[in-house]
Amino acid sequence: MRMTWQQAAHFDAQVDLLRKLANTSTRFTVAELDGQPALVDDRLQRGECVRIDGPSAPDLMRHLFHLNHYALLSLVGLLEAARGTKAQPESIELLRRLKLDQNPLQQPPNR
């Protein structure tokens with residue numbers, strides 16, 4: 001299925017947003033601090049971290065461990081390679097589900 005030039009431009013813009021997200025993501029490690037899960041940025045002098053609390057913390061940490069900076073960059077490469085192939089419809093759907101053009105802090109909470 002060939003894309004129109006407008007669809008191709010939108011696809012490329014979405015892939016560029018994912019690339020920007022990957023390039024600006026913190027290169028953190030998943031750690032346990034004082035018995036609680038945390039994301040630690042070892043590149044910073046004090047090893048700044050974000051502590052994760054709540055019953056879903058282990059699941060969230062597992063997801064963040066696997067969806068790191070380098071995995072996101074690889075995903076960008078896969079999406080670029082999928083354009084114009086049989087995988088293109090699934091790539092478009094993945095980009096739609098990522099909601100890269102939306103600000104998560106301005107979304108209503110899912111409750």
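The values are calculated or read from the model by the stated rules, or taken from the named source; none is laboratory data. Given the structure is predicted, the values throughout are model-derived calculations rather than measurements. Please note that ligands, DNA and RNA were not included when accessible areas were found on the heavy atoms of the full protein model with its side chains. Shrake-Rupley method; radii C 1.70, N 1.55, O 1.52, S 1.80 Å.
As a check on your grasp of the helix formula, calculate [θ] at 222 nm for the chain: sum -39500 (n - 2.57) over DSSP H runs of n ≥ 4, divide by the residue count, round to the nearest 500.
Details: 4 runs with 55 residues, N = 111.
Estimated from H runs of four or more residues: -16000 deg cm²/dmol.
For the chain, the solvent-accessible area with a 1.4 angstrom probe is 77 square angstrom per residue.
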